[in-house]
């Protein structure tokens, strides 16, 4: 992890993320919790992987997203 | 209930106790209400579930949890659709985060048309998962040596296939299933291949601890009725196993006394 050099006073930026295989753009800055909210997801029922690392649910509000991040957001479905 | 209640005959895995010896899958149903009704009718207490990407275009779509409550049923996340150890481990780490459960069902499959368990991948994934603190119930080939090795690695239950996944052909290799059961110190579940209630009863009569059924219920014309039939089949097979069957003889033996006949 490099040092985050973004100035504190930047209000918006455009974040290009890959979410579940789709290229998507979001207004930043954004945390995992903010992304879930933007996507309309109930975080109690999903799990999030950021660049192949699990993001613990308790940390969603503290984990910032950066351009180019790759996320997988999964849930339980019927299966045998 | 009568004196032969199955309620006094629980089986245990990973420190949990289950009265029902039928484990059911939640896949392949036409809709979630049917899934819920069939699982209710089956009497199962443990259900397998899959882990998949959330549909971002419809995030408010009904979810399995809304119909099959994880508070009521023990969710057993599986790795269906995983063809490598890496995919299986990654999937179950996500499942653990989504649900908070360490108890999982590992399956690493070989390619179609057999979808037979890939045992090299299964061993690799089982080792990684056990090291990472998972309690692993493992789908495997009907191979007593492989089954024993999985047990010795620390898997909490062994789940040999009865027949290829989704085939409904019943237990094809009862001799090997029986050898696995007789050698095992952890629960053995017949997984995959059950087609109808007699197959489930037959698996239980071999002495396995439980049976896992999905397609046979979900693809029946009436899934709820078949779920009830599977419950009865598993209970009948278990009771018959406990009762101990009569010896087979290759000659007739009259059922009524032969003396006192009128002449």
Contact order normalised by residue count of region B:171-225, Cα under 8 Å, 6+ apart, percent: 36
D_trans [Stokes-Einstein, Kirkwood Rh over alpha-carbon pairs] for chain A, 10 °C, 1.306 mPa s, µm² s⁻¹: 118
Highest to lowest packing among B:59-66, B:199-206, A:27-34, B:40-47, scored as the average C-beta count within 10 Å: B:199-206, B:40-47, A:27-34, B:59-66
Once the Cα gyration tensor of the protein assembly as shown is diagonalised, semi-axes √(5λ) in Å: 47, 21, 16
Of all DSSP beta bridges in region B:28-158, antiparallel share, percent nearest 5: 10
R0 of 25 Å, Cβ-Cβ distance residue B:239-residue B:72: FRET efficiency to nearest 0.05: 0.45
Relative contact order %, region B:84-150, counting alpha carbon pairs below 8 Å whose residues are six or more apart: 34
For region B:1-80, radius of gyration divided by Kirkwood radius, i.e. Rg to Rh on alpha-carbons: 1.04
Overall dimensions of region B:123-220 by Cα: Rg and Dmax, Å: 13.1, 40
Most to least packed among B:68-75, B:131-138 [average Cβ atoms within 10 Å]: B:131-138, B:68-75
Separation of the residue A:13 and residue B:198 label points, Cα + 7 Å toward Cβ, nm: 6.8
Estimated FRET transfer efficiency when R0 is 45 angstrom, pair residue B:61-residue B:145 (beta carbons, to 0.05): 0.50
Antiparallel DSSP beta bridges within chain B, percent to nearest 5: 15
Shielding of B:91-99 by partner chains, average beta-carbon count, 10 Å: 5
Convex hull volume per residue for region B:54-101, taking Cα atoms only, in Å³: 98
FRET efficiency, 1/(1 + (r/R0)^6) with R0 45 Å, evaluated for residue B:86 and residue B:248 via beta carbons: 0.40
Size descriptor, Kirkwood hydrodynamic radius, that averages inverse alpha-carbon separations across region B:175-263, Å: 15.1
Pair-distance profile P(r), taking every C-alpha pair of chain B, with 10 angstrom steps and integer %: 7, 29, 36, 18, 6, 3, 1, 0, 0
Rg followed by Dmax, in Å, when region B:117-169 is reduced to its Cα trace: 11.2, 36
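Each value in this text was obtained by applying a stated rule to the coordinates, not by laboratory testing. Quick caveat: nothing in here was measured; it's all calculated off a predicted structure. Counting neighbours? That spans all protein chains shown, and the Cβs are built from the backbone with ideal geometry, glycine included.
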